[in-house]
Amino acid sequence: MSLAITPYTCKYPEKPLNYSDYDWKLKHIPHQTNLKGEIIFESCIIYTDPDLSNKTTECDFYIYDTTWYGTTIPSEKNWVCNQEINIANIFAYSKIGEAFGSIFFGWFGDVYGRRATYVLSLSLIVVDRLVSLMAGSSFMIFVVGCIISTLPSWSVPQTVSVISMEMSSSARRSFTTSLRYTAFSVGLAIMPFLYWWLRDWKTFVIVTTAPLLPCIMFSWNIPESARWLYVEGKSKECVKILNKIAVVNNSKLKPETEKELLSVKKQKSSSSFGPLALFTGARLAFNTILLLLLWVFVSICYSVLILSTGEKSDSNPFIQFSIQALAEIPSNFIGAWLCNNIGRRRSASASFFVIGTIWIIVALRQMTSIEWLRAWWISAALITIGRLTIAVSFFAINLLNMEIYPTCLRQSGLALGNVLSSVASALAPYILYLGRRVDPRLPGLILGTSCLLSVFISMFLPETLNAKLPETIEDAKVFGSKRTQFSKVSCEIQRTEDFS
């Protein structure tokens, strides 16, 4: 929302008393008439001397529509017209930062633990947002601040999700995931009203960053993942966490279970190889490639939906953004219900089919002259349904991603998915740029085709509904094949899963 490009035009001389605002603008700003007979003003050129000729020149100064936004980054820094590509580049560079950060923090989480990753990630976000605020007019300093602050942006929610999922029984994995996504959607729904109230992008960034400080202060109260401690051979710490869980649940860890846990030594882990270990074995590599393709397509669609909502000027962009974010809340529970009843794989396929159809309709709308089909509320309804549906896709893919990979590689697997997701999201502003500058049908056609292809891809993934999770790299190599047979270590963990 801070990077939203608000409507703008060249700054023209002050109006004399004998002219109306519209007529004075009509005299100084070049314009053309569209198919509906509406006058459309140029944004980047102005008549040099409208009384003598129609000669035009590029703008030196701009007037921005402040109906909804007081200031945004583009309006404050005049990143419009020839410099409008700066906005797309900032998104792209930030997503590249997310990609590198996902690789590092995914490896860091598997080697040094989930909790340490969470604390480090939050701290980096706070520090580097301050860098962006102090960048002034320097594009490079601003970009550096954006890149560094986006390095850990995926690892914060991902780490919390992994901890909660690794402490949940198989029957509750989808429910705990839906809670995290619901919290995310509530945050998105509240955020635009903060901007609407504050109206200034710098104040908005400060206010939305401040709540991270108490999260850092109290983050050490978050328990480390008992599964990660177990796999890493830290049996004493694992037992300590499980005893805390037992106290909270008015239960007690059985002596024989504690003895069994303490007797297990650290298994040979593949986490030291990082993402490369996800391609060891034909079946594991095949699952990884399919998941990565789905991450690419779902991330592009979601990013385009988010960005296009923030720039709407024909209605209140803040209310639209909030309503569409709220639409994601029921979709989280719809996603959980679908995943628990028809399976993760079919849920992903069905949701991709719906969102693909919506994108095709969006493209076809650009070819019609029927006024009500091009009304803003039709566009808002399609985007809202799209947000609801794409949230179901995200839910199913995220659940598959966490369940297909073993404990020793789970965070690395999520990190690699986030890498491709970030790289794919970097394409979103360029797709919108094509729609604004080349052909308005292109975004819908590109995204519709991608979603329909995802329907086909998702059917080849293994179903994980009520399946026992792989715990070792050897388990993951056969997960989804006909010869699935898990190792002894994973069976031992399974016996403690229902308790935890």
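Data table
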| item | result |
| --- | --- |
| Against the rule of thumb 2.2 N^0.38 Å, how large the Cα Rg of the stretch 327-440 comes out | 1.27 |
| Residue-normalised accessible area of the chain, expressed per residue, 1.4 Å probe, Å² | 46 Å² |
| Average projected area [Cα convex hull, the stretch 77-210], square nanometres | 9.2 nm² |
| Selected from W377, F104, Q324, residue furthest toward positive end of dipole (the chain; charges at beta carbon) | F104 |
| Solvent-accessible ranking of Y405, Y12, Y22, Y93, largest area first, probe 1.4 Å | Y22, Y93, Y12, Y405 |
| Share of pairwise Cα separations in the stretch 421-481, more than 19 Å, in percent | 55 percent |
| Relative packing of peptides 179-188, 149-158 - highest average C-beta neighbours within 10 Å first | 149-158, 179-188 |
| For the chain, radius of gyration divided by Kirkwood radius, i.e. Rg to Rh on alpha-carbons | 1.04 |
| Computed magnitude of the charge dipole of the chain (debye, nearest 20; Cβ of K, R +1, Cβ of D, E -1) | 1800 debye |
| Estimated [θ] at 222 nm from DSSP helical runs (n ≥ 4, -39500 (n - 2.57)) normalised by residues in the chain, nearest 500 | -20500 deg cm²/dmol |
| Packing-based order for 193-201, 67-75, using average beta carbon neighbours within 10 Å, highest first | 67-75, 193-201 |
| The chain: relative contact order as a whole-number percent, Cα under 8 Å and 6+ apart | 20 percent |
| Projected area, mean over directions - the stretch 181-228, Cα convex hull, nm² | 4.6 nm² |
| Taking the convex hull of Cα positions in the stretch 154-234, its mean projected area over all directions (nm²) | 6.6 nm² |
| The stretch 277-340, Cα convex hull volume normalised per residue, Å³ | 109 Å³ |
| Dipole axis of the chain (+1 Lys, Arg; -1 Asp, Glu on Cβ), positive-most option in F353, T57, M191 | F353 |
| Value of Rg to Rh for the stretch 15-70 (Rh from inverse mean 1/r over Cα pairs, i.e. Kirkwood) | 0.99 |
| Cα-based Lys proximity count in the stretch 1-111, under 16 Å, for pairs eight or more positions apart or on separate chains | 7 |
| Within the accessible area of the stretch 41-104 (1.4 Å probe), percent carbon and sulfur | 52 percent |
| Distribution of pairwise C-alpha distances over the stretch 1-154, 10 Å bins, in % | 10, 28, 25, 16, 12, 7, 2, 0 |
| C-alpha long axis of helix 85-112 to longest principal axis of the chain, angle in ° | 10 degrees |
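The values are calculated or read from the model by the stated rules, or taken from the named source; none is laboratory data. All values reported here derive from a predicted model rather than from experimental measurement. Here Cβ is always computed from backbone atoms with ideal geometry, including for glycine, and neighbour counts include all displayed protein chains. Keep in mind that these areas ignore ligands, DNA and RNA; they rest on the heavy atoms of the full protein, side chains included. Shrake-Rupley method; radii C 1.70, N 1.55, O 1.52, S 1.80 Å.
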